[in-house]
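For reference, the structure is listed below as structure tokens.
The values are calculated or read from the model by the stated rules, or taken from the named source; none is laboratory data. All values reported here derive from a predicted model rather than from experimental measurement. Cβ coordinates were reconstructed from backbone atoms using ideal geometry, including for glycine residues, and neighbour counts include every protein chain displayed. The accessibility values were calculated without ligands, DNA or RNA, using every heavy atom of the protein model including side chains. Shrake-Rupley method; radii C 1.70, N 1.55, O 1.52, S 1.80 Å.
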Amino acid sequence: MDKAMNYSDPAIAHHAALDARMVAAVRGIRLLTLTSWPASMRAPFLESVARGNPQLPQVTYPKHDFSAARRELDAIDRALDDTHPLGAYLRDSLRSWDLAAGLLEALGTVAVDHYSAQLFGVPGQPMPGNGPSTREAARHFIQIAQELDHELLAPEETVPVSATALQLQLQSDLDDFFDARIISVELDDGLIAKAAAGATRIRLRSSASFSAYDRAQLFHHEALVHSLTALNGRAQTVLPSLALSSPRITATQEGLATFAEQITGSIDIQRLKRISLRIEAVAMAREGADFLQVFDYFRQAGQIPEESFSSAQRVFRGVPSGGGAAFTKDTVYLRGLVSVHTFFRQMLRDEKLRYCRWLFAGKMTLGDAQALAPLFEAGVLAAPRWLPHWIQRANGLAGALAFSLFANRIRMDRIDPVQ
């Protein structure tokens, strides 16, 4: 190890102890759980819509006080050395958790929008490389999806799959991958989203129907990124926080998960449309659209009422339903996808594809994978126990990335139409 970088055993032990304290302190800061609406709100709202008299949902959030946790986070911050890579990682994580605590203490107010924007960004934020804004990218995919002929779908892709059937299929896929029952797939009547993933459990909403693409998307996105990184993170003795869904890692996690869909051919244009519609809806809400207007936006875009409610609820988590504020998490998907894709190409160019594999050793940012590289190289941090098949096949991944690097040099406006 490089002595100049202060990778001494005492420094590692010191920061490992601080990380353990952070994990204990943030145990109650469950951002998505505490901002979600009760599932019981869906049926009355949809009934009011069916009667032709939709009522604006009114959500009452419990009051939270995380002052004790925030004091502990501050004490940890004062005790770390941010010139050490573990200390720098901790400082960034502490700030993220403190923002999350502030957001939860402000539930039901427009202040949530302010905290959310700091944690997840906003639709007007430029894409990596000073490209178009996230909202402009979303509108691009929405337009493409609207222009495509739905009749091009194969007949089997239009047949809905029940939650029960998908549960059996997905459970079989996961048991085969892990060669054991590591992650269980369960049905949940109380889930507003169609699916949710934890480290050892994936829940499907019992009443939902799924498409042919959903099985592959849930397998590669939810299970082999979100669940798998949590499982690998639990094996980290020095940084147990790598098992946690810290808000600061959201863009990389969702970008990596969406990249996994893309690299395995599991993503379809309708999936990109759903992601993009949510980004546009976040922008609309921040500009003043209320829940009813956003709900109607999703319906006009082709979503059924149940799905429209779920989509609109994502936008209004934690904020007043009357408009002027939004929960902006859904803006990270496209931005994260472009960031991860760019990162993988850079690592290929620099002959550092191992950095891409380290992203699966726990829940981290792209910057963490680079900053913590010496600790992975020295064995201080454990390599991932489980990896998706697509990233283990380095030659195939390199081939796809190499083609992407070359294709991006081609100017489409200079190509003659195919005769």
Note to self: Looking only at the range 123-135, count every residue that is free of Cβ contacts under 8 Å to residues at least 12 places away in the same chain and within 20 Å of the chain's Cα centre (by Cα) and tell me the total.
What the structure shows: 2
Checklist line | helices (runs of 4 or more DSSP H) (entirely within the range 321-393) containing at least 3 residues that are open to solvent by less than 40 Å² (accessible area, probe 1.4 Å) | finding: 332-349, 353-358, 366-371, 373-377
Checklist line | Any hit, the range 290-301, residues being outside any helix (DSSP H, G or I) and surrounded by fewer than 24 Cβ atoms within 10 Å (Cβ to Cβ) | finding: yes
Next item on the list: For LYS363, state whether it is touching a Ser or Thr at 6+ places or on another chain (Cβ under 7 Å), among the charged types (D, E, K, R) and closer than 30 Å to ASP290 by Cβ.
Entry: no
Margin query: surrounded by fewer than 18 Cβ atoms within 10 Å (Cβ to Cβ), touching an Asp or Glu at 6+ places or on another chain (Cβ under 9 Å) and at pLDDT 95 or above: which single residue out of LEU73, LEU34, LEU46 fits that description?
Written below: LEU46
Next item on the list: Just give me the residues in the range 230-252 being part of a loop (DSSP other than H, G, I, E, B) and touching a residue at least 60 places away in the same chain (Cβ under 8 Å), in sequence order.
Entry: ALA235, GLN236, THR237, VAL238, LEU239, LEU244, SER245, SER246
Margin query: Based on this model, can you work out whether HIS226 counts as within 22 Å of the chain's Cα centre (by Cα), open to solvent by less than 40 Å² (accessible area, probe 1.4 Å) and closer than 22 Å to GLN303 by Cα?
Written below: no
Item checked: Sole exception among (1) open to solvent by 20 Å² or more (accessible area, probe 1.4 Å); (2) in contact (Cβ under 8 Å) with a residue 60 or more places away in the chain for SER209, by number -> (2)
Notebook entry, point to check: Mind checking whether some residue in the range 374-386 is within 22 Å of GLN262 (Cα to Cα), at pLDDT 70 or above and aliphatic (A, V, I, L, M)?
Noted result: no
Next item on the list: Say whether the condition of being part of a helix (DSSP H, G or I) and closer than 23 Å to GLN262 by Cβ is met by at least one residue in the range 196-213.
Entry: yes
Checklist line | Filter result for the condition that a residue is part of a helix (DSSP H, G or I), free of Cβ contacts under 8 Å to residues at least 60 places away in the same chain and farther than 28 Å from GLY318 by Cα, over ARG78, ARG71 | finding: ARG78
Margin query: Looking for something part of a helix (DSSP H, G or I), out of contact with any Lys or Arg (no Cβ under 6 Å at 6 or more places or on another chain), among the small types (Gly, Ala, Ser) and open to solvent by 10 Å² or more (accessible area, probe 1.4 Å) - is there at least one such residue anywhere in the range 91-109?
Written below: no
Checklist line | Residue within the range 109-126 that is modelled with pLDDT under 95 and more than 28 Å from VAL294 (Cα to Cα) present | finding: no
